[in-house]
Amino acid sequence: LMANQSFGPKFKALYGLRVEEFDLTVDNQKTLQAISSINETAILPSANLTFTLSPKTNLRFGYFSSVNRPEFRELAPFSFFVFDKNAEIRGESNLEIAHLNNMDVRYEFYPDGGQLISVGAFYKHIVDPIELSLDVTQPFTTFTYQNEKSANIFGLEFELKKKLDFIHVGSIFNRMAVYGNVSLIKSTLQFNEGSLAKN
């Protein structure tokens, strides 16, 4: 469900709610053995608020909830060799879905049609992030996956979109633009007590 509303000439709100039903079963058909099962309904709200500061500038605030579900090879209890780590990685059948809360604020400047200068900051909080950990039960170096307590991601972002119509060599540059994006990101991870995660 989604709604788009305007509150006067300078304030717009786009908000909604997404519901996802996820049902995953991993089993061994040869041995008729159940390996892993995840059945969860996720309720994921989102909101995007836009304040028009002038005809060429906006201030945006955004929030959305999301999930990170384990992949098949993260759940299945078989090993595969990873050459850059000189080790095996083995799946873990007891993984849980990670839940994320994402927030950002952005200042946008539109100097001309089709051009953009944007500066923003974002923050993500993750509950039960899926991380690599050392499997000490194996006789050789083996990593597996496990859920940790939480993680936080902070970032700054700069975007630029510039038209090339100022280059007066033929007409092809009138239909071209360059786009750039630079981000500075810092992340922190809170481990569960006794964790053997590889950070």
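The values are calculated or read from the model by the stated rules, or taken from the named source; none is laboratory data. Note that the structure is predicted; figures quoted are calculated from it, not measured. We place every Cβ from the backbone using ideal geometry, glycine too, and count neighbours over all the protein chains shown. For accessibility, only protein heavy atoms count, side chains too; no ligands or nucleic acids. Shrake-Rupley method; radii C 1.70, N 1.55, O 1.52, S 1.80 Å.
State the number of residues belonging to region 152-183 that are open to solvent by 70 Å² or more (accessible area, probe 1.4 Å), of a type in the set (Phe, Trp, Tyr) and farther than 30 Å from Asn102 by Cα. Adding up the residues that qualify gives 1.
Checking each residue in region 184-193 for being open to solvent by 70 Å² or more (accessible area, probe 1.4 Å) and of a type outside the set (D, E, K, R) picks out Leu184, Ile185, Ser187, Phe191. Within region 112-128, being modelled with pLDDT of 95 or more, farther than 30 Å from Leu95 by Cβ and either open to solvent by less than 40 Å² (accessible area, probe 1.4 Å) or of a type outside the set (A, V, I, L, M) (or both) holds for Ser118, Gly120, Ala121.
Open to solvent by 70 Å² or more (accessible area, probe 1.4 Å), assigned to a strand (DSSP E or B), among the hydrophobic types (A, V, I, L, M, F, W, C) and within 25 Å of Leu132 (Cβ to Cβ): is that true of Phe81 in this structure?
Working: open to solvent by 70 Å² or more (accessible area, probe 1.4 Å): yes; assigned to a strand (DSSP E or B): yes; among the hydrophobic types (A, V, I, L, M, F, W, C): yes; within 25 Å of Leu132 (Cβ to Cβ): yes.
In short, yes.
In region 88-175, counting only strands (runs of 3 or more DSSP E) that sit wholly within it, the ones holding 1 or more residues that are over 18 Å from the mean Cα position of the chain (by Cα) and either aliphatic (A, V, I, L, M) or over 29 Å from Leu59 (Cβ atoms) (or both) span 116-127, 130-134, 142-147, 150-163. I'd like to know if region 166-185 contains one or more residues that are free of Cβ contacts under 8 Å to residues at least 12 places away in the same chain, of a type in the set (Phe, Trp, Tyr) and more than 30 Å from Ser36 (Cα to Cα). Yes, region 166-185 contains a residue that is free of Cβ contacts under 8 Å to residues at least 12 places away in the same chain, of a type in the set (Phe, Trp, Tyr) and more than 30 Å from Ser36 (Cα to Cα). When the residues of region 84-108 are filtered to those that are within 23 Å of Phe11 (Cβ to Cβ) and out of contact with any His (no Cβ under 9 Å at 6 or more places or on another chain), the one that is least open to solvent (accessible area, probe 1.4 Å) is Glu108.
Tell me, please, whether a residue that is in a strand (DSSP E or B), under 19 Å from Asn94 (Cα atoms), of a type outside the set (Lys, Arg) and open to solvent by 50 Å² or more (accessible area, probe 1.4 Å) can be found in region 4-20. Walk me through how you get there before you give the answer.
At the first step, the residues of region 4-20 found to be in a strand (DSSP E or B) are 4-6, 11-20.
Add one more test, that the residue is under 19 Å from Asn94 (Cα atoms), and what stays is none.
Within region 4-20 (the criterion being in a strand (DSSP E or B), under 19 Å from Asn94 (Cα atoms), of a type outside the set (Lys, Arg) and open to solvent by 50 Å² or more (accessible area, probe 1.4 Å)), the answer is no, since none of the residues qualifies.
Scanning for something part of a strand (DSSP E or B), farther than 23 Å from Phe122 by Cα and of a type in the set (D, E, K, R), does region 177-193 turn up at least one residue? Quick ask: steps written out before the conclusion?
Residues of region 177-193 part of a strand (DSSP E or B): 177-190.
Applying the additional criterion that residues be farther than 23 Å from Phe122 by Cα yields 177-178.
Now narrow it down to the ones that are of a type in the set (D, E, K, R): none.
Looking through region 177-193, none of the residues is part of a strand (DSSP E or B), farther than 23 Å from Phe122 by Cα and of a type in the set (D, E, K, R).
Go over the candidates Arg60, Arg90 one by one and state the one that is over 28 Å from Tyr145 (Cβ atoms), out of contact with any helix residue (DSSP H, G or I) (no Cβ under 7 Å at 6 or more places or on another chain) and either without any contact (Cβ under 8 Å) to a residue 24 or more places away in the chain or not aliphatic (A, V, I, L, M) (or both). None of the others qualify; the one that does is Arg60. Somewhere in region 40-56, is a residue modelled with pLDDT of 90 or more, open to solvent by 50 Å² or more (accessible area, probe 1.4 Å), closer than 23 Å to Tyr145 by Cβ and in a loop (DSSP other than H, G, I, E, B)? No; the residues of region 40-56 include none that is modelled with pLDDT of 90 or more, open to solvent by 50 Å² or more (accessible area, probe 1.4 Å), closer than 23 Å to Tyr145 by Cβ and in a loop (DSSP other than H, G, I, E, B). Only residues that are modelled with pLDDT of 95 or more and of a type in the set (Asp, Glu) were counted in region 144-194, giving 2.
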